[in-house]
Amino acid sequence: MAINKSLTDTLLQQIKTFEDEKPAVAQAYERIVERLTKSQSGKPTLAIGDTLPPFRLPDENGILRTSNDLLSTGPLVVSLNRGHWCKFCQHELRALQAINRDIQNLQSSIVAITPEGQNSAKKLKADRELGFPVMCDVDNAYALLLGLAIWCGEEILLIYANSGIDVGKYQNNREWLLPIPATFVVSQDGKIADCYINADFRARMAPEDILASVRKVV
């Protein structure tokens, strides 16, 4: 409960901070969430019991890692994130790091996947002091495969540009796509044991729910 309360409160506080200090950003976020919800963006194309599509991606050090290799040692928690600049992703990854030792003690592991290049992935891992790999989803290929890549929209792009956030530069392309954040708990046989996908990127899966799901499949 303490972990959940901490993450939930932090995310809610972040929303309030935007409302108080950057109302234009908060309002734009409300509009994009409403648009994504109405269009059913992020509607799960995968369900519990499905096999998570395998991936082969470079980590923050440029080393190619595969989901099969990661699953060879036990269950896997896969967290799709928008980028090192995203406050909500930062909070989520900090919460995942807080349970990383518990996950490891269950002979399981965590991996974060971001659409950004190696430099940004390395910065994210260093800044958040993450003890798990940060994978680079080049050109959002994996997010697209999962049906979780969306176009930012002109309003959001302008806001990011005015805030010094260059999504295209970080991703090494100009497609202006972002993944809808998602968390998958995958059993060692590659089956999805639990998942959380929400068009509202300001909400994330509770750490204790992740732990509970991992405990069921070890």
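The values are calculated or read from the model by the stated rules, or taken from the named source; none is laboratory data. This structure is a prediction, so every number in the text was calculated from the model and none was measured. Please note: Cβ atoms are built from the backbone with ideal geometry, for glycine as well, and neighbour counts cover all protein chains shown.
Worth a mention:
- Within the range 57-71, the set of residues being in contact (Cβ under 8 Å) with a residue 12 or more places away in the chain and touching a strand residue (DSSP E or B) at 6+ places or on another chain (Cβ under 9 Å) comprises LEU57, PRO58, ASP59, GLU60, GLY62, ARG65, THR66, SER67, ASN68, LEU70, LEU71.
- Residue among SER213, SER187 that alone is buried (at least 18 other Cβ atoms within 10 Å of the Cβ), under 15 Å from LEU96 (Cβ atoms) and in contact with a strand residue (DSSP E or B) (Cβ under 6 Å, 6 or more places away or on another chain): SER213
- Residues that are part of a loop (DSSP other than H, G, I, E, B) and without any contact (Cβ under 8 Å) to a residue 24 or more places away in the chain within the range 149-181 comprise GLY164, ASP166, ARG174, listed in sequence order.
- When GLY153, GLY164 are checked against the criterion of being modelled with pLDDT under 95, out of contact with any helix residue (DSSP H, G or I) (no Cβ under 9 Å at 6 or more places or on another chain) and within 23 Å of GLN27 (Cα to Cα), a single residue qualifies: GLY164.
Okay, residues lined up against (1) within 29 Å of ASP69 (Cβ to Cβ); (2) β-branched (Val, Ile, Thr):
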| site | (1), (2) |
| --- | --- |
| LYS123 | yes, no |
| VAL134 | yes, yes |
| ALA149 | yes, no |
| ILE156 | no, yes |
| ASN172 | yes, no |
| GLY190 | yes, no |
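- If only residues of the range 58-98 that are of a type in the set (Val, Ile, Thr) and not in a loop (DSSP other than H, G, I, E, B) are counted, the one that is nearest to SER187 (Cα to Cα) is VAL77.
- Residues of the range 99-147 classified as assigned to a helix (DSSP H, G or I), out of contact with any strand residue (DSSP E or B) (no Cβ under 9 Å at 6 or more places or on another chain) and surrounded by fewer than 16 Cβ atoms within 10 Å (Cβ to Cβ), total: 6
- Checked against the criterion of being small (Gly, Ala, Ser), under 21 Å from LEU158 (Cα atoms) and touching a strand residue (DSSP E or B) at 6+ places or on another chain (Cβ under 8 Å), the range 26-40 has no qualifying residue.
- Cross-chain or 6+ apart pairs with Cβ under 7 Å, the range 104-116 first and modelled with pLDDT of 95 or more, then aromatic (Phe, Trp, Tyr) and surrounded by 23 or more Cβ atoms within 10 Å (Cβ to Cβ): ILE113/TYR142
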